[in-house]
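**Q** The structure's right below; bear with me while I get my questions together.
The values are calculated or read from the model by the stated rules, or taken from the named source; none is laboratory data. Since we're looking at a predicted model, the values are computed, not measured. Every residue, glycine among them, receives a Cβ derived from its backbone with ideal geometry; neighbour counts consider all protein chains shown. Remember, those area values only see protein heavy atoms, side chains included, never the ligands or the DNA or RNA. Shrake-Rupley method; radii C 1.70, N 1.55, O 1.52, S 1.80 Å.
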Amino acid sequence: MTRLSGSGDGRSSGPGDDPLSVAWEIADAVDSLANVWSVAAHGASLRLSPHQLRALRVLESEPGLNLTTLAESMEIGPPTASRLCDRLEAAGLLERLLHPHRRREVQLVLTGRGRQILNEVAARRSQALAVVLAAMEPGERAALGGGLRAFLTAQGDTGKPIDAPSADGPP
């Protein structure tokens, strides 16, 4: 499926490509990056699913969330979030604490072990990414960095929700 390596599908790959052609190339690169990301995370001392890692990252960025807010942040149902938290709590990665001002509310807080695992996964992912980036020429790395910054700026500027792909889009 990789078009970046020249699959012979007839799509051009020059600098003046139309947005859809570039989108296909980026989708392939994202697939490859996701594989590097996943393999690096699985090498951590505690293997967690992408869903579990995402929950820990949400709780790291917003300590003390309740279950409903976590579920909304992850766009999952409360029962699914509850089971997810059960597993993370059993692994010693999060704690459920009574809210200090609202008796019926429970806060979700990362444990020291939860933070340690997140740091380990982040370090492993950064190292794996650095290996790939080291194989690139300095000018290519600079171009990639500039392109990613431009992408993030453009994404923020559109302010539009992402629509479902059209029938002509990637599979």
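**Q** Looking at region 150-158, is at least one residue surrounded by 11 or more Cβ atoms within 10 Å (Cβ to Cβ), modelled with pLDDT under 90 and out of contact with any Ser or Thr (no Cβ under 6 Å at 6 or more places or on another chain)?
**A** Yes: one or more hits.
**Q** Sticking with this one: Going through region 101-115 one residue at a time, which ones are part of a loop (DSSP other than H, G, I, E, B) and either charged (D, E, K, R) or within 18 Å of CYS85 (Cα to Cα) (or both)?
**A** ARG102, ARG103, ARG104, GLU105, THR111
**Q** Restricting attention to region 108-152, which residues are basic (Lys, Arg) and touching a helix residue (DSSP H, G or I) at 6+ places or on another chain (Cβ under 9 Å)?
**A** Listed by number, the residues that qualify are ARG115, ARG124, ARG125, ARG141.
**Q** Out of the residues in region 55-89 that are open to solvent by less than 70 Å² (accessible area, probe 1.4 Å) and hydroxyl-bearing (Ser, Thr, Tyr), which is nearest to THR111 (Cα to Cα)?
**A** Taking the candidates together, the pick is SER82.
**Q** It is to be established whether one or more residues within region 94-114 are polar (S, T, N, Q), closer than 26 Å to GLU62 by Cα, at pLDDT 90 or above and open to solvent by 60 Å² or more (accessible area, probe 1.4 Å).
**A** Looking for residues that are polar (S, T, N, Q), closer than 26 Å to GLU62 by Cα, at pLDDT 90 or above and open to solvent by 60 Å² or more (accessible area, probe 1.4 Å), one finds none in region 94-114, hence no.
**Q** Could you check, for region 23-41, whether at least one of its residues is open to solvent by 20 Å² or more (accessible area, probe 1.4 Å), within 30 Å of GLU89 (Cα to Cα) and not in a helix (DSSP H, G or I)?
**A** The answer is no; no qualifying residue exists.
**Q** I would also like to ask the following. Please identify the pairs in which a residue from region 26-43 that is at pLDDT 85 or above and of a type in the set (A, V, I, L, M) has its Cβ atom under 7 Å from the Cβ atom of a residue that is loosely packed, with under 14 Cβ neighbours inside 10 Å and assigned to a helix (DSSP H, G or I), counting only partners at least 6 apart or on another chain.
**A** As it stands, the answer is VAL36/VAL132, since those pairs meet every condition given.
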